[in-house]
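Data first, discussion second: the structure below is written as structure tokens.
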Amino acid sequence: MVQSEKPSLPDEFYIVGIDLGGTNMKIGVMDHNDQKVSFVTAPTLVEQGPEAATHRMAENVHKAIEQAGIKASQVVRVGLCSAGTMDIPGGMLVRPSNLPGWNFFPIRDKLAEYCGFPVTFANDATAAAFAEYWIGAGQNEPGLILLTLGTGVGCGIILEGHGWDGVHSHGGESGHNLIDVSENARWCKCGQRGHLEAYASATGVANRTVEMIEAELKSSLAPRVRAAARRDEVPKMVYEEAEKGDELALKIIAETARYLAYGAVTLMHTIDPSCILIGGAMTFGGSASPVGRMFLEKVKEETCKRVFLHLAQRIRFDYAKLGSDAGYIGAAGLARQAWMESLG
């Protein structure tokens, strides 16, 4: 029996990646050398509904293609990622909290219809993790976990080069790992007590900080927190005062590292990764800051003293490096992977 040869790849091909958020959609074109060649952004305008937004997405896909100076025929696939509960095999948003009213919308197939390209659909945390695996801080790691710290705690898991979404598209919802079983555990925004997100997210940091200030603990944070117009400004204040050496701010960051470690321990004993990356909007300055480096080292220390020694000696902790671009880059990467697998 003669085996057929695998089809050769074109000399040049392009993939479009889309990161759909509750405020904006980000769209980038990636080339065959894994380089970004164009980028556009547009408002999501959630209140206008999913049909209008999907049409606008399709229009901006073609705008990004035009901006890249290429032909539509050179684009082989589009990748789309979004937050919220979803049915990934079905290409459907289920009840996305950041896109109210878009329940059970078949976004993958609608976008494919409107833009004229096959579409790969993914969770935004999985896409961000794949971006770091593909061209970021976790290149070629056999088992990668990305924890993103923002309003919530996101988690993307890449195993042997593929995103892991679970049977019901809810794999990686590790912000809802249980870390506190006491009766007075903090409430998570999902309506349950004791979840990681209630402690280690930016929301959790803000809530804990305000409580400490209200308890009249001495800190340079106090006047700033009391004068803050919005609570979501507080985590940045914590970082800024920690950089100045404020003891309470440093304590809050160290506690956040410990809480995050509780979640990481469960992941390590479940997934057995080779690498854990930390990203998102709240990294306390990241690797560029002494405070950020302290935070990362504290996460590692608090995690490793609670896991099997064999794992502690082999795990790598680092910061993600692609920032807010990770979503659309990873969506493009997953689409590229799906296209190449379709070629046989």
Flag if Ala127 is in a helix (DSSP H, G or I) and touching a residue at least 24 places away in the same chain (Cβ under 8 Å): yes
Answer yes or no: is there a residue in segment 322-335 that is in a helix (DSSP H, G or I), touching a Cys at 6+ places or on another chain (Cβ under 6 Å) and surrounded by fewer than 18 Cβ atoms within 10 Å (Cβ to Cβ). no
Of everything in segment 82-111, what is closer than 17 Å to Leu45 by Cα, part of a strand (DSSP E or B) and not hydroxyl-bearing (Ser, Thr, Tyr)? Give them in sequence order. Leu93, Phe105
Among the residues of segment 228-250, how many are open to solvent by 80 Å² or more (accessible area, probe 1.4 Å) and part of a helix (DSSP H, G or I)? 5
Somewhere in segment 31-42, is a residue open to solvent by 60 Å² or more (accessible area, probe 1.4 Å), within 20 Å of Ile329 (Cα to Cα) and among the aromatic types (Phe, Trp, Tyr)? yes
For segment 52-66, state whether one or more residues are farther than 24 Å from Glu341 by Cβ, open to solvent by 30 Å² or more (accessible area, probe 1.4 Å) and small (Gly, Ala, Ser). yes
When you check Ala206 against the structure, is it touching a Lys or Arg at 6+ places or on another chain (Cβ under 6 Å) and under 26 Å from Ala128 (Cα atoms), yes or no? yes
Output the residues belonging to segment 130-163 that are open to solvent by less than 10 Å² (accessible area, probe 1.4 Å) and either in a loop (DSSP other than H, G, I, E, B) or out of contact with any strand residue (DSSP E or B) (no Cβ under 8 Å at 6 or more places or on another chain) (or both). Ala131, Gly136, Gly138, Gly161
So which residues in segment 94-127 are under 17 Å from the mean Cα position of the chain (by Cα), hydrophobic (A, V, I, L, M, F, W, C) and surrounded by fewer than 23 Cβ atoms within 10 Å (Cβ to Cβ)? Leu99
Give me the pairs: first residue in segment 316-334 and within 20 Å of Ser274 (Cβ to Cβ) and of a type in the set (D, E, K, R), second residue at pLDDT 95 or above and surrounded by fewer than 23 Cβ atoms within 10 Å (Cβ to Cβ), beta-carbon distance under 6 Å, and six or more apart or on different chains, which are they? Arg316/Cys275; Asp318/Ala137; Lys321/Ala137
Just name the residue that is surrounded by the fewest Cβ atoms within 10 Å (Cβ to Cβ) out of those in segment 164-208 that are of a type in the set (Lys, Arg) and modelled with pLDDT of 95 or more. Arg193
Going residue by residue through segment 271-293, is there one that turns out to be open to solvent by 10 Å² or more (accessible area, probe 1.4 Å), farther than 27 Å from Ala242 by Cβ and not in a loop (DSSP other than H, G, I, E, B)? yes
Check on Val265, over 20 Å from Ala281 (Cα atoms) and surrounded by 16 or more Cβ atoms within 10 Å (Cβ to Cβ): yes
If I ask for residues that are open to solvent by 10 Å² or more (accessible area, probe 1.4 Å) and at negative phi, which ones from segment 209-218 would you list? Val210, Glu211, Met212, Glu214, Ala215, Leu217, Lys218
Whichever residue in segment 16-33 is more than 21 Å from His55 (Cβ to Cβ) and not acidic (Asp, Glu) and, among such residues, is modelled with the highest pLDDT: Met30
Which residues, counting only those in segment 63-113, are over 26 Å from Trp164 (Cα atoms) and basic (Lys, Arg)? Lys63, Lys71
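Yes or no, residue by residue, for (1) under 20 Å from the mean Cα position of the chain (by Cα); (2) on the phi < 0 side of the Ramachandran plot; (3) polar (S, T, N, Q):
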residue	(1), (2), (3)
Val265	yes, yes, no
Thr283	yes, yes, yes
Arg306	no, yes, no
Gly333	yes, yes, no
Give the number of residues within segment 186-227 that are in contact with an Asp or Glu (Cβ under 7 Å, 6 or more places away or on another chain), under 16 Å from Leu250 (Cα atoms) and not in a helix (DSSP H, G or I). 2
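The values are calculated or read from the model by the stated rules, or taken from the named source; none is laboratory data. Please read all numbers here as calculations on a predicted model, not as lab measurements. Methodologically, a virtual Cβ is constructed for each residue, glycine included, from the backbone with ideal geometry; neighbour enumeration extends over all protein chains shown. With ligands, DNA and RNA removed, areas are computed over all heavy atoms of the protein, side chains included. Shrake-Rupley method; radii C 1.70, N 1.55, O 1.52, S 1.80 Å.
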